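Asker: Questions regarding the structure given below will be posed in turn.
Please treat every number below as a calculation from the coordinates, not as lab data. Computed from a predicted model, the values in this text were never measured in an experiment. Heads up, the Cβs are rebuilt from the backbone with ideal geometry, glycines too, and the neighbour counts pull from every protein chain shown.
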Protein chains: 2
Amino acid sequence: MSQTQMLKGILDGCLLAIINVKECYGYEMASRLNDYGFDYVSEGTIYPLLMRMQREELIISTRRKSTAGPKRKYYRLTDKGEKALQDFIYRWEQLDKSVNAIIHREIREKGE
Amino acid sequence: MSQTQMLKGILDGCLLAIINVKECYGYEMASRLNDYGFDYVSEGTIYPLLMRMQREELIISTRRKSTAGPKRKYYRLTDKGEKALQDFIYRWEQLDKSVNAIIHREIREKGE
DNA sequence: TCCACATACCTTGTATAACAAGATATTAAT
DNA sequence: ATTAATATCTTGTTATACAAGGTATGTGGA
């Protein structure tokens, strides 16, 4: 029952959402996540995730020069990635509703 | 990026919340979760989870006769379990806020 | 020039937890 | 006796976040 477990299956959707706002590279995403209120997310988490999503053709990358340091890999969504993001948002909202219902003890009607 | 991954680290808190409302036994919890809007959660998920939480002294069980079938194990929260539930709710609300901020593109101020 | 440092990416191994599938036992009804 | 619903539990698999560490590039200061 840790914060790391709670992120499972959620982080990938969050990265898609971040990329959707604006092209972004891995190293920057950690701090971006932080801005949104997440605790520090390891690069050992982010990079494998990005590579997996690229393999699944949800995102594609372009290498560009950095102002300071090695080249960056900027990611953007594919059409498939945009669909995956919409799907994630839907599933998140379902979960959100369910968990909040439990916490606030609001049992839904069966027929809904 | 499946529904099953999204439940990780969340199901245990949800079960604590359910038990907190009213003593409950494993078999019943599946349908209770369903009432709250969750998809079917396997018994192969629920029972090991209950046993783990009992081992961690978050819940304790009492065997009682069933109206039809073998004895039920009714669970209730310990003091430690109540604290764990409060802790879960806090962490859930943090996550909830963060994910919704990302989805709705509301970047928080750093100083907050 | 040389070195420290921030930037930027990647790999390996580990731990956790949800799940499918199936086993077992009890009670009621046919 | 047989079937079905109830109720619990076990085994093996899979997915994924993370710690720890490695590699490479560019800037600025000594």
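Asker: How high is the relative contact order of chain A, given as a whole-number percent (alpha carbon pairs under 8 Å, six or more residues apart)?
Answerer: Over chain A, the number comes to 25 percent.
Asker: Counting only residues 5 or more places away or on other chains, whose amide H sits under 5 Å from the amide H of B:Ile59 once H atoms are built in the peptide plane?
Answerer: Under 5 Å from the amide H of B:Ile59: B:Gln54, B:Thr78.
Asker: Report, in degrees rounded to the nearest 10, the 0 to 90 angle that the Cα long axis of helix B:79-103 makes with the longest principal axis of chain B.
Answerer: It works out to around 40 degrees.
Asker: Something else now. Can you tell me the dipole magnitude for segment B:3-103 around its Cα centre, using point charges on the Cβ only (Lys, Arg +1; Asp, Glu -1), in Debye to the nearest 20?
Answerer: So the dipole magnitude of segment B:3-103 works out to roughly 500 debye.
Asker: Select from A:Ala101, A:Ala84, A:Ala68 the residue whose mean-square fluctuation is largest in a Gaussian network model of chain A (Cα-Cα springs shorter than 10 Å).
Answerer: Comparing A:Ala101, A:Ala84, A:Ala68 in the GNM, the peak value goes to A:Ala68.
Asker: Can you list the equivalent-ellipsoid semi-axes of chain B, largest first and in whole Å, using the square root of 5 times each Cα gyration tensor eigenvalue?
Answerer: That gives 31, 17, 11 Å for the three semi-axes.
Asker: Note down the magnitude of the dipole of the protein assembly as shown about its Cα centre, charges +1 on Lys and Arg C-beta and -1 on Asp and Glu C-beta and zero elsewhere, to the nearest 20 debye. Display every interim value, and only then the final one.
Answerer: On the way: 38 positive and 32 negative charges, 118 e Å.
For the protein assembly as shown, the charge dipole is close to 560 debye.
Asker: What number, rounded to the nearest 500 deg cm²/dmol, is the helix-based mean residue ellipticity at 222 nm of chain B, given -39500 (n - 2.57) per DSSP H run of at least four residues and division by all its residues?
Answerer: Helix contribution divided over all residues of chain B: -17500 deg cm²/dmol.
Asker: Which one of A:Met6, A:Met29, A:Ile60 is farthest out on the positive end of the charge dipole of segment A:3-103, using unit charges on Cβ (Lys, Arg +1; Asp, Glu -1) and the Cα centre as origin?
Answerer: A:Ile60
Asker: Under the convention of a label 7 Å out along Cα→Cβ, give the distances in nm from A:Gln54 to the same position in every other copy, shortest first.
Answerer: 4.9
Asker: Let me ask something else about it. Once you have the Kirkwood Rh of the protein assembly as shown from its Cα pairs, apply Stokes-Einstein at 20 °C and 1.002 mPa s and quote D in µm²/s.
Answerer: Answer from the Stokes-Einstein relation: 112 µm²/s.
Asker: Follow-up. Specify the angular offset, from 0 to 90 degrees and rounded to the nearest 10, of the alpha carbon long axis of helix B:26-35 from the longest principal axis of the alpha carbons in chain B.
Answerer: 40
Asker: With point charges of +1 on the Cβ of Lys and Arg and -1 on the Cβ of Asp and Glu, referenced to the Cα centre of the protein assembly as shown, which listed residue (A:Ser98, B:Ile18, A:Thr45) lies farthest in the positive direction of the dipole?
Answerer: A:Thr45
Asker: For A:Lys71, place a label point 7 Å from Cα along the Cα-to-Cβ direction in every copy; what are the distances to the other copies, in nm, shortest first?
Answerer: Between copies, matching label points for A:Lys71 lie 6.9 nm apart.
Asker: Within 10 Å of each Cβ in A:90-101, how many Cβ atoms from other chains are there, averaged over the peptide?
Answerer: On the way: counts 0, 4, 6, 3, 5, 9, 7, 2, 10, 15, 5, 6.
If you average over the peptide's residues, the count of other-chain Cβ atoms is 6.
Asker: Separate question: Taking H placed 1.01 Å from N in the peptide plane, check which residues at least 5 places from B:Cys24 or on another chain put their amide H under 5 Å from its amide H.
Answerer: For B:Cys24, the qualifying residues are B:Tyr75.
Asker: Assuming R0 = 25 Å, can you tell me the calculated FRET efficiency for the pair B:Thr67 and B:Ser42, based on Cβ-Cβ distance, to the nearest 0.05?
Answerer: Approximately 0.55, to the nearest 0.05.
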